[in-house]
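These notes concern the structure reproduced below.
The values are calculated or read from the model by the stated rules, or taken from the named source; none is laboratory data. What you see is a predicted model, and the numbers here were worked out from it, not measured in a lab. Every residue, glycine as well, gets a Cβ built from its backbone with ideal geometry; the counts of neighbours run over all protein chains shown. Note: areas computed on protein heavy atoms with side chains; ligands, DNA, RNA excluded. Shrake-Rupley method; radii C 1.70, N 1.55, O 1.52, S 1.80 Å.
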Amino acid sequence: MARTTDQPPPEEAGAHPAPVLSERDGGVLLLTLNRPDRLNAWTPGMAERLFALLREADDDPAVRAIVITGAGRAFCAGADMDTLSGISGARIEVDGRSMAAPARLRKPVVAAVNGSAAGVGLVLALFCDVRFAADDAKLTTSFSRRGLVAEYGAAWQLPRLVGQGRAMDLLLSSRVVLGAEARGMGLVDFSPPREDVLAEALSYAGVLASECSPRSMAAVKGQVLRAQEAGFDDAADESAGLMADAFAAEDFAEGIGSYLEKRPPRFPGLGARE
């Protein structure tokens, strides 16, 4: 498989490490939050870089699936405390929709939560399409213990994953749950041992990249997101129209042909949004 990396020039790497590392292996793009000395605490620079890389990936036909993880022993320990202490007492406006970026992409985004995920770090994982978390990873909303609220749409997304009662528990108490408990409540989808979490997430993304139609996955993501606010009739009617489009598209012919010919599918990639 082709492997490409996106890192700062050597002369910059020592003084200013890239806040997010990018590496592509075949159709899978791995994005790594890269402040391991601060447990990958979230900063405006990290946010800007991650969202830019996600936008680029969505327009790159070579990218079929994306995995987000953290460097070192944490996924993301939440907002950087130095940043938070610097704005204490000030009214700061934020883009409340920004953390939904993974859900709004056309391509599947898999979270590989390799360690602690707190606050905004947990919200990032919540808006990924599929979540792997190490069985001993510590997950917490943390907001109520910092005098904050359910940030970046967490109050919308969390009940849809775990139900209202469990969402209230996690948001009100900010208690820590481990990956194994998180899987039991539907907060994450897989909870392998810590040493296996990234490999399993990459393997899963590799299957999406090599065996699933990018066009189909993009359509499904849009359907699921819209269906959360639509009634059944609207969702069913939309699916009927999308099915008609799918039957006429080349991906359907390729999917059937590859099955009958007992070979891997050769689906075209998704280019830039129209």
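Distances longer than 15 Å among the Cα atoms of segment 24-65: what percent of all pairs is that? Numbers along the way, then the final one.
On the way: 411 of 861 pairs.
Here the tail beyond 15 Å accounts for 48 percent of pairs.
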Sequence-distant or interchain residues sharing an amide H contact under 5 Å with residue 24, placed H: which? 4, 5, 30
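With both partners inside the chain, how many of the DSSP beta bridges are antiparallel, as a percent to the nearest 5? Kindly include the intermediate steps, with their values, before the conclusion.
On the way: 12 of 31 bridges.
Within the chain, antiparallel bridges account for around 40 percent of the total.
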Taking every C-alpha to C-alpha distance in the chain and binning by 10 Å from 0, the per-bin percentages run 6, 27, 34, 22, 8, 1, 0
Per residue, how large is the accessible surface of the chain? Use a 1.4 angstrom probe and give square angstrom. 52 Å²
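Tell me the relative contact order for segment 15-84 as a rounded percent, counting alpha carbon contacts under 8 Å between residues six or more apart.
Values: 110 pairs, mean separation 28.9, N = 70.
Computed value for segment 15-84: 41 percent relative contact order.
Over segment 133-274, with every protein chain in place, what whole percent of the accessible area is carbon and sulfur at 1.4 Å, could you tell me? Before the final figure, lay out each step's value.
Numbers: 4790 of 8290 Å².
The computed percentage sits at 58.
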With a ≥ b ≥ c the root eigenvalues of the C-alpha gyration tensor of segment 156-274, is it rounded (a/c under 1.5), prolate (a/b larger than b/c) or oblate? oblate
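For residue 273 and residue 176, FRET efficiency with R0 = 41 Å and r from the beta-carbon atoms, rounded to 0.05? It would help to have the intermediate numbers written out before the result.
Values: r = 39 Å, r/R0 = 0.95.
For R0 = 41 Å, the calculated efficiency reads 0.60.
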